[in-house]
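K.L.:
Here it is, the structure in full.
Every number in this text was worked out from the coordinates using simple rules, so none of it is lab data. Since the model is a prediction, treat every value here as computed from it, not as a measurement. Positions of Cβ are backbone-derived with ideal geometry, glycine not excepted, and every protein chain shown enters the neighbour counts.
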Amino acid sequence: MSQLAIWIGRSFIELSRKTGAEIRNKRVSYSINSMAANLKSALTGFAEEGDHVTMEWQLPYVTVERQLGSATAFLTTAGTEHWLELNLPLVPNHWSTQIEYAPMPLSRDLCFGVAERMSPHGKVLRSPDPADLDFLVEKLRMNKITHVAVGFLHANKNPENEQKVVQHFREKGFVVSASHEWDANFEERPRFWSAVIESYVDSFLTEKRQEIETVLNDLGITTQKLPGENHKWFKAMPFLQFSQATVYCGPDEMLWYMPNQNPVWKSTFGVLAAPGLGAEKITPHPLQLVDRNFWKSLAWSDSSVDWDLGPMCFGKGLKPTLLDLFHATGKLVPTPGLAERLSDKNSKKIMDTLRAYTRVDGGHRNENDILDGLLRTVAENWRLQMPHVGTIQLVGPLAPTILNIFKHVGLDHGITLANEDFYISENILRLVSQ
Amino acid sequence: MSESLINTRLYHLFENIFASTPRAAFVTSEGEHLYIRGETLADIATLPTSAQICLQYLQLEDGDVAICNDPYSGGSILSSFTLVAGMSAQPGSARGKGKNLADFLIAVKLALKPRVTLSEKLDQEGIRIPPTPLYIGGQMNEALFAAMSSHPDFPPELKLSLPQEIKKILELRERLQRAIAISRFDLSRLEIKKLLRASAQQMREAVYELAVGEARADFEIGPKERLKLRTEVADGKVVFDFSGSDPGVTHHLTFQGTFGACAGALLAFLRKPIPLNSGTLSVVEVIAPKGTIVNANFPKPVALGMTDGLDVIANLATQCLSAIDKTHAVANSGSTHCAIEIRFNNGKRFYDRVHPGTGASAKQAGLDGHSLWWRAQLRTSIEEIERRHPLIYESVTLRANSGGSGMNDGGAGVAKTFRVLEEAHLVWSFTDSHHKPLGYGGGKAALGPEILVYRAGSELGPDGAPIPGEKIKLPARGEMKLHPGDRVSLLAPGGGGFGAKTQT
C-alpha cells in the first residue's frame, strides 16, 4: 500500500507518492474545465490501485476569485441588508466619476432581512418568527435558490437566533452556512462574508469533488480523504507552512510566505474570518498583460489572461503578457508542466507586438533597452514587496525563471532556489505520514 | 534611461513603500511634490503643503519628525494630524546645505475621529498644533509632547499611538532610503525637474483630449453664502476661478482645500489613473480670492468647509467640466455627509456620517451609497459601535428613491437610523442647501439631505423598543438633548440622473 497525495493548485496539479522510503513527484498543468480528465491522465501510470489518497486544493479560493460559484441567499438582521455591499472596496482605485463596488459573490436581490435582534452582550431582544421564515422559504424556492448564508449581528456573542434560522432552513432542505460557525473574535463583516462564500462555492466544489471521486474510483483508489466534508470548504492549510521566507512562483500568482504567518484572508471584498492561504500576494504576476502606462512607458496593466486560455507563448492569446516577455527575452526556463504548453507558433508575433509597443517610447532607446527596462521595473517591484530577511527561497514552477530575472538586473542578493524542486503535494504527504 | 521609464520605476517604488500608508506625500526640500497618495480631496494639496511649511519653519534634518494640524499651515481639519519626517537621499549624506538638512520630506496623515462643533472660531474645534518639532536628533522632545498631550482637547488615542506612528514614519524613511539606493535613482534637482516636466507633458496631453471652452456655475450654500465658479479649459490647462464668491458664513475652506477639490474633480473627470505630483498638478490653476468661502482667513472654523465644502467645490467643478466637455459629462453627486456627534453622559462621544449617492453618466448609473470624493473604506463595525456606545442601529440601508431618475439613474444615498438607550446630547452640522444634486441632460435631480429625530413614543414595539413618536426635521446646524428611546435618522442625498428617461 502506498500513500498518494494530490495538490490541485491554481494552474498545476501536483502528485506525490510514497512507497517505503521512496517519494516520487509529478507536476502537470491543468484547466478547471477539464480538471477531472487532466487528473486522470496525470494519475495514470503514476498511482496504483489500492493507494491511499489524501487530496487538498486551492479551488475554493479560485472559485471565489474567478466568480465560479452559484447564487446564494443571505439572511441578515433586518435593516442591514445592504451593509456588506456598502463596505465593499471601490474600483477603479483612482479618482474617477465612474466608480463601482468591487464584484461580490452575492446579489443584492438575494439579501433578505429577518426581524430579529441580539444585544451587544448576547441578550435576545427579538427572536425570529417562524412564519416570516416560512415566507422566505417560499420566496427562495420560487427563485430556485438552494443555498443560504445566515449572518446576524452579535451572533458571536449568542448564536441562538442564527441557530434557529439555520435549523429551520436545513429542515426545509436548504444547504445552510452561518456566521457563528467562524471565529467569534471577528466582527460582523468578516464572519458574514465567510458564511456567504462557504455557501457560494458549495455547488461548484461539490460537483468537482464528485468528478474527482469518480476518477479515483475508476483507477481503483478507493481509500480517499478529500476536502469538503460536511460542506466545509475553507480551512487552515498546515502544509503551506514554511520554515523560512519563501516565495511561491506560479504563472498566475506569486505569493510570499513567512514562517508562522497568520492565515488571515484579505479578499478583494474585504477581510474574512475564513482562513486564507497564509500568504501575501506579489504583483505583477507573470500572466498580467503588458501595456503602456501614463508616461507611455512599457509596463503591466491590472488585467491578466486566464491560465486556461493561455498567453501568446502558449500559441493562444493576442496580447503580450509578462510571461511572453520572459519567453521573448530568453529568460523563461521551461520547467515540467510549463514546457509542454510552450509553443513556437507565436514567437515572432510576440516580438512584433512588443516591438510595436516600444516604438511609442519616443524612439530614444532601442527595443532591447526598453524590454530590459521593463524587466528591471518588474524585478524591482517584486523585490520591494518581498520581506526584508536574510535569505528568501523561491519555489514553484517559475522559480528558476524568476531567479533568472533577478540575476539579470542584479537584484538577486539573498535570493536562492529551494534545494530541491518543491512540491506542495510532498508537504501534504509528510503531514499524512506524521 | 528615459524619463518615462524612471518615472515608472519611481512611481512603483513609492506605491510599494506607501502601500500600507493610504495618505502620504513625498516632497523635495525645494517644494517639488514627487508623490502624493490620498483618500480625500483635502489630502491632494494639504499633505505636501504641510511638509513644506514644516521644513520652512523647522529646518528639519534627516530623521527629525514634526507634527502639525493647523489648517492655516497646510493642514485640513483639526482631527487630522500630519507627521513630517526629514530624509536625506542616503543616511548622513544630505545634498550639501551645510548641516544635515533634509533633502526630502515624508508627510503622513493620521486621521482621527472628527468633531462636530458649532464653533465660530477655529480654536473651538479642537487643539491647533502649528508645525512643531517632536522628534529631533533621534530623541522624542518629551517636554513638548507632555505639554501638548496634557491639553484637554488633545485626542487621547493620539497620545497613545504617537510614539508608534513616529516609529512607523521613520521606518518608511529607512525603506525609502534603502530602495532608492538599491535602485540607484538619481534624485538630483536637475533630474527631478526633468521627471516632473515629463509628467506635466503627459498631463497636458490628457487635458488636450478634453473639449476646449468655458463654463460658469454657482451654488448657494445658504443665504448670503454663494459660490461662483468660472472654469476654462484651454491650451492644456484648466483654470478654476472663484472670483465673485461670498465670504463664508458656515463653510470655510483653505486655499489648499479648494485646490485639492478642483484638482480631484479634474482627475475624476479624466477617469484615468494619473499619478499625483507637481508635474501633473501643474495644469491646474485655482483663483480663490482671499476672505471668501474658498480661501478663508484665520481664525474661521474649517470643520464643515474642509469636509462637506470640498464635495460642494468638487461637484461644482465637475458641473462646469461637464458643460464644457459633454462626452465626459456626469450629473451632480450628493454634497453632504450629514455628520453628527452624540455626547453621552459618560464622556464618550459617538461620531457618524452617511455617504451620498453619485451622479449618473451616459455610460452608467450612479453608485449607491458611496461618495465620489471619499476613497477611504468604511471601517466601522455595527457590532463594535453598539458595544462601545449605548445605542442600537435600527437600519443602515439605501435611501429609497433618493437618486434622480433618468436614462441612467443617480445613485441612492445611505439612510441610517439608530436609537439611543441613554440621555445624550446631539450636535449636527451639514450642508442643507436648497440646491439638490442636479440631473444632467434631462435627468432628474436627486433628493437632498435630511436629519430627522423621532422622539420615543409611549408604546413598545415587538423588540421592546418604544415605537417612534413626534418627528422633528432638523435645520442645517444645531444641538439638542436626546432621551432614551429617541431615534436619529441620517438621510444622505442621492446623485442626479443622466438623460431623460424613455417611456416604455
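K.L.:
Average projected area of the Cα convex hull of region A:38-147, in nm²?
P.N.:
13.6 nm²
K.L.:
Dividing the alpha-carbon Rg of the protein assembly as shown by 2.2 N^0.38 Å yields what?
P.N.:
Here the Cα radius of gyration is 0.99 times the empirical estimate.
K.L.:
While we're looking at this one, here's another question. What's the angle, to the nearest 10 degrees (0 to 90), between helix A:424-433's Cα axis and the longest principal axis of chain A?
P.N.:
The angle comes out near 50 degrees.
K.L.:
Tell me the Kirkwood radius of region A:233-337: reciprocal of the mean inverse pair distance over distinct alpha-carbon atoms, in Å.
P.N.:
This gives a value of 15.6 Å.
K.L.:
For peptide A:74-82, what's the mean number of Cβ atoms from other chains within 10 Å of each residue's Cβ?
P.N.:
That average works out to 4.
K.L.:
Rounded to the nearest 20 debye, what is the charge dipole size of region A:176-290 about its Cα centre when +1 sits on each Lys and Arg Cβ and -1 on each Asp and Glu Cβ?
P.N.:
In total the dipole reaches around 240 debye.
K.L.:
OK, next. So how strong a dipole does chain A carry about its Cα centre when Lys and Arg Cβ are +1 and Asp and Glu Cβ are -1, to the nearest 20 debye?
P.N.:
600 debye
K.L.:
Restricting things to alpha carbons, tell me how big chain A is in terms of Rg and Dmax, in Å.
P.N.:
When restricted to the Cα atoms of chain A, Rg and Dmax are 24.0, 74 Å.
K.L.:
Among A:Asn293, A:Gly317, A:Ile392, which residue has its Cα positioned farthest towards the positive end of the charge dipole of chain A, with +1 placed on the Cβ of Lys and Arg, -1 on the Cβ of Asp and Glu, and the dipole taken about the Cα centre?
P.N.:
A:Asn293
K.L.:
Rounded to the nearest 20 debye, what is the charge dipole size of the protein assembly as shown about its Cα centre when +1 sits on each Lys and Arg Cβ and -1 on each Asp and Glu Cβ?
P.N.:
Result for the protein assembly as shown is approximately 1140 debye, rounded to the nearest 20.
K.L.:
What ranking of A:Cys111, B:Cys262 emerges when the number of other C-beta atoms within 10 Å of each C-beta is taken as an exposure proxy, fewest first?
P.N.:
A:Cys111, B:Cys262
K.L.:
Express in whole angstrom the spacing between the alpha-carbon centres of region B:143-159 and region B:30-78.
P.N.:
First find each Cα centre; the distance between them is then 20 Å.
K.L.:
Here's a follow-up. Work out which GluC sites (Glu not before Pro) in chain A are exposed loop sites (DSSP not H, G, I, E or B, at most 10 other Cβ within 10 Å) and give the longest gap free of them.
P.N.:
Longest gap between qualifying sites, sites excluded: A:50-419.
K.L.:
Also: Taking a point 7 angstrom from the Cα of B:Lys237 along the C-beta vector, which residues in region B:278-293 have backbone N less than 16 Å away?
P.N.:
Zone members listed by number: B:279-288.
K.L.:
By counting other Cβ atoms within 10 Å of each Cβ, how are A:Tyr248, A:Tyr30 ranked from fewest to most?
P.N.:
Lowest to highest Cβ neighbour count: A:Tyr30, A:Tyr248.
K.L.:
Given the pairs B:Lys300/B:Lys436; B:Lys237/B:Lys326; B:Lys228/B:Lys436; A:Lys164/A:Lys235; A:Lys407/B:Lys193; B:Lys326/B:Lys363, which are separated by over 22 angstrom at their Cα positions?
P.N.:
Result: B:Lys300/B:Lys436; A:Lys164/A:Lys235; A:Lys407/B:Lys193 exceed 22 Å.
K.L.:
Find the relative contact order for chain B and round it to a whole percent, using C-alpha pairs within less than 8 Å whose residues are 6+ positions apart.
P.N.:
Taking the mean separation of contacting Cα pairs over the length of chain B, I get 13 percent.
K.L.:
Also, quick follow-up: Would you list which lysines come within 23 Å of A:Lys349, measuring only between C-alpha atoms, while excluding same-chain residues fewer than 8 positions from it?
P.N.:
A:Lys296, A:Lys316, A:Lys319, A:Lys331
K.L.:
Before anything else, pin down the relative contact order of chain A: Cα pairs under 8 Å, at least 6 apart, normalised by residue count, whole percent.
P.N.:
16 percent
K.L.:
Sticking with this one: If you take each beta carbon of peptide B:380-390 and count the beta carbons of other chains within 10 angstrom, what is the mean?
P.N.:
Rounded to a whole number, the mean comes out at 5.
K.L.:
Students often forget the sequence filter, so: which aspartates and glutamates lie under 18 Å Cα-Cα from A:Lys26 once same-chain residues fewer than 8 apart are removed?
P.N.:
Cα-Cα hits under 18 Å: A:Glu14, A:Glu48, A:Glu49, A:Asp51, A:Glu56, A:Glu340, A:Glu420, A:Asp421, A:Glu426.
K.L.:
How many percent of DSSP beta bridges within chain B run antiparallel, rounded to 5?
P.N.:
So the antiparallel bridges in chain B amount to around 95 percent.
K.L.:
Based on the Kirkwood radius over alpha-carbon pairs, what is the Stokes-Einstein translational diffusion coefficient of region B:1-124 at 25 °C with 0.890 mPa s viscosity, in µm²/s?
P.N.:
Answer, rounded: 161 µm²/s.
K.L.:
Take B:Arg184, project a point 7 Å from its Cα along the Cβ direction, then tell me which residues of region B:1-44 have their backbone nitrogen under 15 Å from it.
P.N.:
B:1-2, B:6
K.L.:
Something else about it: DSSP H helices in chain B with Cα extent of 20 Å or more along the helix axis and mean Kyte-Doolittle hydropathy at least 1.0?
P.N.:
Helix filter hits for chain B: B:255-270, B:310-324.
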